[in-house]
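Every number here is computed from the coordinates shown, using simple stated rules; none is lab data. On a predicted model such as this, the values are computed, not experimentally measured, just so you know. Every residue, glycine among them, receives a Cβ derived from its backbone with ideal geometry; neighbour counts consider all protein chains shown.
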Amino acid sequence: MPSPAAMKEPLNAFCVDLEEWFHVCGTPTDYSNPDSWNSAAAHVVKDTEVLMRILDDAGTKGTFLTVGWVAEKYPDLIRALADAGHEIGCHSYHHQLVYSLTPEEFEEDLLRALDVLRRISGQPVKTYRAPGFSMKRECFWAYPILRKHGIEIDVSIVPAARDHGGVQDITRDPFILHLEEGDMKCFPVSVMDIGWRTVPFSGGGYLRLFPQSLINAGFRSNHRAGRVGMAYIHPREINPHQPRLSLPALKSFKYYVNMATTEPKLCKLLETFRFSTVAETLTTVQYWPEYNYVNGEILAARAA
Ligand SMILES: [Zn+2]
């Protein structure tokens, strides 16, 4: 039972982007074509089981944003996650950047993923993350499609400049997006200010690259602002022995840096702060800025 002081610590969301080691976005690789995926070495089940054990040891539940192809291939893994009390979310079917698809292609991929994920997990599957965090202004058309198909929470926005996505000039707080199809809760990825730059710090390459003290400072700066935080990781990130993709130098650095120290770092993080699923974390949010979806744009609602 946590102490009363610990209970007052803000809750943070813990996300796993549940995909294979070769599900990289925006760079051609030997596995760019989904037809090649079945012949690739398979690591996702074992790596995810390691993550499940780490979460279990910490007494933490998380949200597993799952690629539909992975769920279809390994249904027992998805059932085990659901049985263990984790939230199953959607991370598309074929892991393509949203802005590389037409709205029709996006909807087809989404429906295929949701059908598989809902059928296998037995959960409603209401939380979505775009592959490569590829939600940016030019593809906000995806929001009405997501809401129409029962997605009520989006965790795709990076409120900073970024390679695949990134939305500058938007709130860092979870916000309500009003759409004709219904309301959506958008929970942006945690960022912090370092000098003049706004950067993510709590997931993927950032989590592996940054020292623990800087990551802790990032969570605390958000908590001081009354904001919940979010961490995210991919199963491959705790496996230093995964096969290596041939990637451009900078991308390769970011994709593989500090793989061997991720597991102890993650354990320390789970010890230091309180984490739960995205859905549960959002129940603790008191202040919700509001935005309206108007003709493909997201505009801050003016106070009445
Ligand atoms: Zn992904």
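The table below gives the values:
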| quantity | calculated |
| --- | --- |
| For LEU18, LEU111, order by how many other beta-carbon atoms lie within 10 Å, fewest first | LEU111, LEU18 |
| Sites ASP83 and THR29, calculated FRET efficiency, Cβ-Cβ separation with R0 41 Å, nearest 0.05 | 0.75 |
| Dipole magnitude of the chain about its Cα centre (Cβ charges: Lys, Arg +1; Asp, Glu -1), debye to nearest 20 | 980 |
| Model label zone, TRP141; criterion: amide N under 18 Å from point 7 Å along Cα-to-beta-carbon; scope segment 87-111 | 96-111 |
| Phi-based couplings in Hz for segment 159-165 (Karplus 6.51, -1.76, 1.60; Gly and Pro marked x) | x, 6, 5, 7, 4, 7, x |
| Gaussian network model of the chain, springs between alpha carbon atoms under 10 Å - residue of ARG236, ARG147, ARG208 with greatest fluctuation | ARG147 |
| Per-residue HN-Hα couplings for segment 168-177 [Karplus 6.51, -1.76, 1.60; θ = phi - 60°; Hz; x = Gly/Pro] | 7, 6, 9, 4, 8, 7, x, 9, 8, 10 |
| Cβ-placed point charges (K, R +1; D, E -1), dipole of segment 78-224 about Cα centre in debye, nearest 20 | 620 |
| Distant-in-sequence amide H partners of VAL16 (H built 1.01 Å from N, under 5 Å) | THR63, PHE64, LEU65, ILE233 |
| Full-stretch length increase - ALA300, SER36 - with 0.36 nm per residue and alpha-carbon distance subtracted | 90.7 nm |
| Per residue Cα convex hull volume in Å³ - calculated over segment 81-210 | 120 |
| Among the listed pairs LYS61/LYS254; LYS136/LYS185; LYS61/LYS126; LYS46/LYS73; LYS126/LYS185, those beyond 21 Å (Cα-Cα) | LYS61/LYS254 |
| Taking all pairs of distinct alpha-carbon atoms in the chain, Kirkwood radius in angstrom | 19.5 |
| Isotropic mean projected area of the C-alpha convex hull, segment 182-304 (nm²) | 10.9 |
| Inter-probe distance in nm under a simple model that places probes 7 Å from Cα toward Cβ, at SER221 and GLU49 | 4.0 |
| Dipole axis of segment 1-95 (+1 Lys, Arg; -1 Asp, Glu on Cβ), positive-most option in PRO34, GLY59, PRO10 | PRO10 |
| Net charge dipole size for segment 1-85 [Lys, Arg +1 and Asp, Glu -1 on Cβ; Debye, nearest 20] | 300 |
| Contour minus Cα-Cα distance for TYR287 and ARG112 (0.36 nm per residue) | 59.6 nm |
| More than 22 angstrom apart: percent of Cα pairs within segment 108-183 | 25 |
| Mean Cα-pair separation over length for segment 115-215, i.e. relative contact order, pairs under 8 Å, 6 or more apart, % | 21 |
| FRET efficiency, ASN258 to ALA161 (Cβ-Cβ, R0 25 Å, nearest 0.05) | 0.65 |
| For the chain, built as a Gaussian network whose Cα springs stay under 10 Å, the top-fluctuating residue of GLN286, GLN123, GLN168 | GLN286 |
